[in-house]
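Working notes for the structure below.
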Amino acid sequence: DTGEDNGGEEGGFGGRGPGNGEGQGEGRGGKARAGKKISYKDAITKAAKLTAAKQYADAGKAYNSALSSLSEDDSRKIFIYERQGWLALMSGDIQSAEGFYLAGIYQAEKIETFDKSAVNAYRGAAYCYEKDVEISSAVENYQLALKHATDKAVKADIRKKLQRLQAGKRKKAK
């Protein structure tokens, strides 16, 4: 499990994908059948259903549709980037996941909003760094996640990961 509860979806973390960080892809225009623009709420609902059905590529397109309807400083972007990061992880694409999580972190820091999606973005970036054996970056992101986390179980999980990483660093230093 990678994150706090995100509206009933599977756990996760958030960031920027390849390209401009605005979530490129076929679904970016937010168009539904017959050329009608899909609402943010409808796009999120569709993405959640597709995620539950493990149709990750289509879920990513639905999140792109939701993203395209938001203003530059909308805090909901953090959630979308976090979800896109999680989807990339589920598809085995660590590099794209890292980018999505970093975009979520950038958005959170830019608008100074540190909700559970932001915490999950930090955790997701940390996880990606850990997989890339960039332990100091992983530790830094887990520490930032811990700083902003409010859920006791999430804090305990982050502390456990930090202890494991820091113990590993001490062993290598000997």
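The values are calculated or read from the model by the stated rules, or taken from the named source; none is laboratory data. No experiment lies behind these values; they were computed from the predicted model shown. No Cβ is skipped: glycine too gets one built from the backbone with ideal geometry, and neighbour counts run over all protein chains shown. Only protein heavy atoms, including side chains, enter the accessible area calculation; ligands, DNA and RNA are left aside. Shrake-Rupley method; radii C 1.70, N 1.55, O 1.52, S 1.80 Å.
Against the condition surrounded by 20 or more Cβ atoms within 10 Å (Cβ to Cβ) and among the β-branched types (Val, Ile, Thr), how does residue 135 come out, does it pass?
For residue 135, the condition - surrounded by 20 or more Cβ atoms within 10 Å (Cβ to Cβ) and among the β-branched types (Val, Ile, Thr) - is not met.
For the range 104-114, which positions are surrounded by fewer than 24 Cβ atoms within 10 Å (Cβ to Cβ) and under 12 Å from the mean Cα position of the chain (by Cα)?
106
Among the residues of the range 138-147, which ones are within 22 Å of residue 88 (Cβ to Cβ) and open to solvent by 40 Å² or more (accessible area, probe 1.4 Å)?
Those that are within 22 Å of residue 88 (Cβ to Cβ) and open to solvent by 40 Å² or more (accessible area, probe 1.4 Å): 140, 144.
Checking the conditions here, which among 29, 23, 17 is among the small types (Gly, Ala, Ser), at pLDDT below 95 and on the phi > 0 side of the Ramachandran plot?
23 is the lone residue from the list that is among the small types (Gly, Ala, Ser), at pLDDT below 95 and on the phi > 0 side of the Ramachandran plot.
Do you know which residues across the range 62-85 are open to solvent by 10 Å² or more (accessible area, probe 1.4 Å), of a type in the set (A, V, I, L, M, F, W, C) and within 14 Å of the chain's Cα centre (by Cα)?
Scanning the range 62-85 gives a single hit, 79.
Restricted to the range 33-61, and to residues that are loosely packed, with under 14 Cβ neighbours inside 10 Å and assigned to a loop (DSSP other than H, G, I, E, B), which residue is modelled with the lowest pLDDT?
Among them, the one singled out is 36.
Can residue 146 be described as of a type in the set (A, V, I, L, M, F, W, C) and over 20 Å from residue 117 (Cβ atoms)?
Here the answer is no, as residue 146 does not meet what is asked.
Against the condition in contact with a strand residue (DSSP E or B) (Cβ under 9 Å, 6 or more places away or on another chain), open to solvent by 50 Å² or more (accessible area, probe 1.4 Å) and of a type in the set (Ser, Thr, Tyr), how does residue 101 come out, does it pass?
no
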